[in-house]
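This report concerns only the one structure given below.
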Amino acid sequence: MPASRPSPVSECDAGVRLAVRLSPGAKSNKLEGAETDAAGSVWLRVQVSAPPVDGQANAALVKLLAKRWRLPKSAICIVSGASARNKILRLEGDTATLRSQIEADL
């Protein structure tokens, strides 16, 4: 992905921050690619089949991303938006590797 193109990924201490728009209660668990909202913010769209009850959708999100990018679940933390569709996640690991893995799914 060219550097000038907006991305839901930004660097932070010990990894990256990732902007996610989560759709719980879907038919299947999948990454849908990047989405730009009316304000110009870029989000990685993710669908999970778990309902948005008692943190089930958040747990399904972490499990899906950990499996997809071969990370321990403990390396993924919801920084903001735990009870909202739009979330900011922190993924711990090698910044360049994480960025390339995530951007390959956009």
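Figures for the structure shown
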| item | result |
| --- | --- |
| Spin-label pair THR36/SER80, simplified geometry with 7 Å Cα→Cβ offset, distance in nm | 2.1 nm |
| The chain - percent of accessible surface contributed by carbon and sulfur, probe 1.4 Å | 48 percent |
| √(5λ) per eigenvalue of the Cα gyration tensor, the chain, largest first, Å | 20, 16, 12 |
| Where LYS67, LYS27, LYS73, LYS87 fall by accessible area, highest first, once all protein chains stay in place (1.4 Å) | LYS27, LYS67, LYS73, LYS87 |
| Of all DSSP beta bridges in segment 1-54, antiparallel share, percent nearest 5 | 70 percent |
| Angle between the chain longest axis and helix 95-104 axis [Cα atoms, degrees, rounded to 10] | 70 degrees |
| Segment ALA104-ASN29, length gained on full extension (0.36 nm per residue, minus Cα span) | 25.2 nm |
| Angle between the chain longest axis and helix 56-68 axis [Cα atoms, degrees, rounded to 10] | 40 degrees |
| For segment 78-83, 3J(HN,Hα) per residue [Karplus equation, 6.51 cos²θ - 1.76 cosθ + 1.60, θ = phi - 60°, Hz, x = Gly/Pro] | 7, 7, 8, x, 4, 10 |
| Calculated [θ] (222 nm, deg cm²/dmol) that DSSP helices of n ≥ 4 give over the chain, each run adding -39,500 (n - 2.57) | -6500 deg cm²/dmol |
| Probe 1.4 Å, accessible area per residue of segment 2-93, Å² | 57 Å² |
| In sequence order, calculated HN-Hα J values of segment 18-33 (Karplus, 6.51, -1.76, 1.60; Hz; x Gly/Pro) | 10, 8, 10, 10, 9, 10, x, x, 7, 5, 8, 8, 6, 8, 10, x |
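The values are calculated or read from the model by the stated rules, or taken from the named source; none is laboratory data. Given the structure is predicted, the values throughout are model-derived calculations rather than measurements. Every residue, glycine as well, gets a Cβ built from its backbone with ideal geometry; the counts of neighbours run over all protein chains shown. Accessible surface areas use protein heavy atoms only, side chains included; no ligands, DNA or RNA. Shrake-Rupley method; radii C 1.70, N 1.55, O 1.52, S 1.80 Å.
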